[in-house]
Amino acid sequence: GGLTTLFSFSDDTTGANPYARMTQGTSGNFYGTTSQGGTNGYGTLFKMTPSAAVTFQYSFTGGSDGGDPETGLTQGADGNFYGTAFQGGANSVGSIYKMNPNGAVTALYEFTGLTDGAYPLADLVQGRDGKFYGTTVEGGENSYGTVFSVATNGTLNTLISFDYMNGAYPEAGVIQGADGNFYGTTVEGGLNGYGTVFCLTTNGVLTTLCSFDKTNGSSPAASLVQGTDGNLYGTCSAGGAGGQGTVFRITT
């Protein structure tokens, strides 16, 4: 429990309000995001060495690169880091970007807010096929959010548009299970309107595994984890016997 403060964000030039986890790269350095601050006020990307020396790699412009990155970075098999920005892009509804280990940023995809989705709020995960998978909390054909895949060249494919009955507003990302399918949660929708757990194949076939009914929990807002027993574990932010949330286990 011994805590050491390694760095304090002090003003907008260094970035402000880091919401997301940090990622330790293969180099041993740690990489992270701030949702605000930086040269342009739209957030930053920073690097911290194991000895806690912090350098700022990039300041978002709010343009094609995005702005307000509220998610962490995911290092791909190619050594580059991939992430999403909640806002910015050509249509101000978010973007996907790539950063090389030297801090150079490339915009991969700019969401339109239409069938491709809007406002990505969750970390990306790299699938076994090399593509990155993620969610948007809004947009899609029905405006209830999407699950998408994006290749390292920026080609995006919307795998599913939620329609409320199969879930709505996925705030968390997906995980790839041992069976190769992707699993995730939505904070609303389903048969009872209190959120869902879903399974999605790589070709976009969705199965709703659970529709929460408030008594067993509601509004699951976090990613799942697959245990060594093969089951999926997660949390609901509300509902349950005490009304303050639950921890659940669900089979695949």
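The values are calculated or read from the model by the stated rules, or taken from the named source; none is laboratory data. Owing to the predicted nature of the structure, the values given are computational and were not obtained by experimental measurement. Using ideal geometry, Cβ is built from the backbone for each residue, glycine included, and neighbour counts are taken over all protein chains shown. Side chains are part of the model used for accessible areas, which takes the heavy atoms of the whole protein and leaves out ligands, DNA and RNA. Shrake-Rupley method; radii C 1.70, N 1.55, O 1.52, S 1.80 Å.
Using unit Cβ charges (K, R positive; D, E negative) and no other charged atoms, how large, in debye to the nearest 20, is the dipole of the chain about its Cα centre?
In total the dipole reaches around 480 debye.
I'd like the Kirkwood hydrodynamic radius of region 162-205, using the inverse of the mean 1/r over distinct C-alpha pairs, in Å.
The answer is 10.5 Å.
Ignoring ligands, DNA and RNA, what accessible area per residue does region 4-158 give at 1.4 Å, in Å²?
42
Ordered by packing density, taken as the mean number of other Cβ atoms within 10 Å over each peptide's residues, highest first, how do 115-121, 227-233, 93-99 rank?
93-99, 115-121, 227-233
Could you work out what % of the accessible surface of the chain is carbon and sulfur, using a 1.4 angstrom probe and leaving DNA, RNA and ligands out of the count?
Taking all protein chains in place, the chain shows 47 percent carbon and sulfur surface.
If packing is taken as the average number of other Cβ atoms within 10 Å across a peptide's residues, how do 130-142, 239-251 rank, most packed first?
Order by mean packing, descending: 130-142, 239-251.
What are the aspartates and glutamates whose alpha-carbon lies under 19 Å from the alpha-carbon of LYS47, with same-chain residues fewer than 8 places away excluded?
Within the straight-line cut-off, LYS47 pairs with ASP11, ASP12, ASP65, ASP68, GLU70, ASP78, ASP123.
Of the beta bridges DSSP finds with both residues in the chain, what % are antiparallel, to the nearest 5?
Of the beta bridges lying entirely in the chain, close to 95 percent run antiparallel.
Find how much the distance from ASP213 to LEU6 grows on full extension, using 0.36 nm per residue of separation minus their present alpha carbon separation; answer in nm with one decimal.
70.2 nm
Sort the following peptides by mean Cβ neighbour count (other Cβ atoms within 10 Å, averaged over residues), highest first: 171-182, 47-58, 28-39.
So the peptides 171-182, 47-58, 28-39, ranked by packing, come out 28-39, 171-182, 47-58.
When the convex hull of the Cα atoms of region 1-72 is projected onto a plane and the area is averaged over all directions, what value comes out in nm²?
For region 1-72, the mean projected area of the Cα convex hull comes to 5.1 nm².
Cut-off under 12 Å on the C-alpha distance; same-chain residues fewer than 8 positions from LYS214 excluded. Which aspartates and glutamates are left, in chain and number order?
List returned: GLU188.
Mind listing the Cα extents of the chain along all three principal axes, in Å, largest one first?
The principal-axis extents, from largest down, are 47, 44, 30 Å.
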